[in-house]
Amino acid sequence: MPPITTMKMLEKMYEINPDDVIEEEIERGKLIFKTEKEEKAISIDELEEAGYGRRENCRYCEISIPVMADLACGNWGAGENETFVEIFTEKGLKLMNNAVELGLIETAPATEKGIKIRGKTDGVMEKVAKKWHKKIFVPIGDRLERLHYYMDVMEDCIDCEACKYVCPVCSCDESKCIDFYDPMDSHKISIYHLVRLLHLSDSCIGCGQCTDVCPAEIPLTTLHRRMADRIQTKYNYIPGMDMKIPPSFEVE
């Protein structure tokens, strides 16, 4: 969540002064905040129904364990004061071995019970994500209705281009979204956004950074994922999962 929203949540839902928080944790479906004097936990479902909790893009993301990373660390399946670590690459293995050799950490094989708990929790979170995806991405209608939807949502854009600069997958040497765009245009929907919607349709990973930085509070991640879901499903491509596989619209 954005910082301001988090502070509002702490004051309203937890009745905690944000300045007093020293630690936060997610455990068994609850978001926990700790201060020097107390610990309070509220279910994520309750927080999200109240408009807080996880960012919207995190709610419908079906990848809870980052299997595309070198390492994945978390508390699912771990014992008290332990961290469950999954190693996916040689680089990740080297990192772990170096940490052990330097005496920074101690390791032990995962228990069969822990592995089952981790797998079960991951499955539950995937089902929750699909539920949120269905709830958020309600079909809009025909092409004309979809066009008006985008026009209405984006009409508050102030052309700051912040979304472009924070986007981790927008790495053009020459930005086409700017080349075909003039801030003096009087179009109801900026050509800048139209080009970006198409350009990112095969590579948007739904990270949420564009929404975070938008001063007009336009739900840009949701807009991009609406477009990207259709394209990525059609081409059976999930960006970011395998660096050896280029995006569907990659130009040689």
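The values are calculated or read from the model by the stated rules, or taken from the named source; none is laboratory data. As the structure is a prediction and not an experimental result, all values here were calculated from the model. When we count neighbours, we look across all protein chains shown, and the Cβ atoms used for this are built from the backbone with ideal geometry, even at glycine.
As for segment 105-124, it holds at least one residue that is closer than 25 Å to Thr221 by Cβ and among the hydrophobic types (A, V, I, L, M, F, W, C). Taking the criterion of being surrounded by 15 or more Cβ atoms within 10 Å (Cβ to Cβ) and of a type in the set (A, V, I, L, M), the residues of segment 48-67 that qualify are Ile63, Ile65. Within segment 161-179, the set of residues being surrounded by 12 or more Cβ atoms within 10 Å (Cβ to Cβ), at pLDDT below 85 and in a loop (DSSP other than H, G, I, E, B) comprises Glu161, Cys170, Ser175.
Just to verify a result, which residue in segment 223-236, among those that are surrounded by 18 or more Cβ atoms within 10 Å (Cβ to Cβ) and of a type outside the set (A, V, I, L, M, F, W, C), is nearest to Asp142 (Cα to Cα)? Before you say what the answer is, go through the steps one by one.
To start, the set of residues in segment 223-236 that are surrounded by 18 or more Cβ atoms within 10 Å (Cβ to Cβ) comprises 223-228, 231-232.
Keeping just the survivors that are of a type outside the set (A, V, I, L, M, F, W, C) gives 224-226, 232.
Values: His224: 18, Arg225: 18, Arg226: 14, Gln232: 20 Å.
This residue is Arg226.
Test Leu194 against the criterion of being surrounded by 15 or more Cβ atoms within 10 Å (Cβ to Cβ), at pLDDT 85 or above, of a type in the set (A, V, I, L, M) and on the phi < 0 side of the Ramachandran plot, and give yes or no. No; evaluated as a whole, the condition is false for this residue. Close Cβ contacts (under 6 Å, 6 or more residues apart or on different chains) running from residues in segment 53-68 that are under 25 Å from Met9 (Cβ atoms) to residues that are assigned to a loop (DSSP other than H, G, I, E, B) and modelled with pLDDT of 90 or more comprise Arg55/Gly208; Asn57/Gly206; Asn57/Gly208.
Residue-by-condition table, conditions (1) modelled with pLDDT of 90 or more; (2) in a loop (DSSP other than H, G, I, E, B); (3) within 18 Å of the chain's Cα centre (by Cα):
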position	(1), (2), (3)
Tyr181	no, yes, no
Met184	no, yes, no
Leu198	no, no, no
Cys204	yes, yes, yes
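Taking the condition exposed (fewer than 14 other Cβ atoms within 10 Å of the Cβ), in contact with a Gly (Cβ under 8 Å, 6 or more places away or on another chain) and either assigned by TED's automatic domain parsing to the domain that holds Asp212 or not aliphatic (A, V, I, L, M) (or both), does Asp45 pass? For Asp45, the condition - exposed (fewer than 14 other Cβ atoms within 10 Å of the Cβ), in contact with a Gly (Cβ under 8 Å, 6 or more places away or on another chain) and either assigned by TED's automatic domain parsing to the domain that holds Asp212 or not aliphatic (A, V, I, L, M) (or both) - is met. Against the numbered list (1) under 19 Å from the mean Cα position of the chain (by Cα); (2) in the same structural domain as Leu10 (by TED's automatic domain parsing); (3) acidic (Asp, Glu), Glu126 comes up short only at (2). Among the residues of segment 16-37, those that are in contact (Cβ under 8 Å) with a residue 12 or more places away in the chain and acidic (Asp, Glu) comprise Asp20, Glu25, Glu27, Glu36. Within segment 83-97, the set of residues being loosely packed, with under 15 Cβ neighbours inside 10 Å and either of a type in the set (D, E, K, R) or more than 30 Å from the chain's Cα centre (by Cα) (or both) comprises Glu90, Lys91, Lys94.
Only residues that are without any contact (Cβ under 8 Å) to a residue 24 or more places away in the chain and either part of a loop (DSSP other than H, G, I, E, B) or farther than 28 Å from Ser64 by Cα (or both) were counted in segment 123-139, giving 2.
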